[in-house]
């Protein structure tokens, strides 16, 4: 896909972190980027800097997602990148108490159901548009999982379940949308310098980065964004999950 050719993109969680990096890369490549996020101040500022648009969207709410897409007024929608997500830390049983079911449900609601809401509604828009090329391509969806989907640590049962669901959804969604010319891919990042990790003391960041075999540091959001762009531009990438993690395999704790 040639991103510079009248390409509209929606990036969820684009107000900060991995999503902001993706939004910047796509905008520099020529896409008209629309950010879906709950943080109005940061989201609006990002959108203005990219000459794009911002809509306040709660991805866990299908109606809110639908409102966001109805307000979408950029170039034809060809790219959806799902980066919105939350992390919850709690054990299945802790101090004799069961995991709070509301926390578990909320984590799945944002991370898994939110990804599905945006991907499915975005795909419906893409499917109604003309094909871009001789392959019949109409669009591409890039979802964000995590290495926790494979190496979930102590206290990550909700987070790992939500990200594992995204991994499991990737191939069947790609198969569902193949006859419509829409590709679906997932990136599973390892330890990246997101706002959460960047807020930790430098010695803690260095300790976490040292756990990565090579390069022994935290990932840069720009590296995540570079992979997202490559996925968009490479038509043979479809139905797969790519670990972007410097070969780390997470220990139990």
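The table below gives the values:
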| read-out | value |
| --- | --- |
| Computed [θ] at 222 nm, helices only, for the chain once each DSSP H run of length n ≥ 4 contributes -39500 (n - 2.57) | -12500 deg cm²/dmol |
| For segment 8-244, share of DSSP beta bridges that run antiparallel, in % to the nearest 5 | 5 |
| Relative contact order of segment 8-244, defined on C-alpha pairs under 8 angstrom at six or more residues apart (%) | 20 |
| Gaussian network model of the chain, springs between alpha carbon atoms under 10 Å - residue of 17, 30, 52 with greatest fluctuation | 30 |
| Chain lengthening between residue 39 and residue 71 when straightened (0.36 nm per residue, less Cα-Cα) | 9.8 nm |
| FRET efficiency estimate (nearest 0.05) - Cβ-Cβ, residue 153 to residue 100, R0 22 angstrom | 0.75 |
| Extended-chain gain in nm, criterion 0.36 nm per residue less alpha-carbon gap, residue 206 and residue 120 | 27.1 nm |
| Residues 91, 42 arranged by fewest to most Cβ contacts within 10 Å | 91, 42 |
| Gaussian network model of the chain, springs between alpha carbon atoms under 10 Å - residue of 15, 119, 178 with greatest fluctuation | 178 |
| Antiparallel DSSP beta bridges within segment 35-156, as percent of all bridges there, nearest 5 | 20 |
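Every read-out reported here was derived from the displayed coordinates using simple, explicitly stated rules and does not represent laboratory data. The model shown is predicted, which means the values in this text are computed figures rather than measured ones. When we count neighbours, we look across all protein chains shown, and the Cβ atoms used for this are built from the backbone with ideal geometry, even at glycine.
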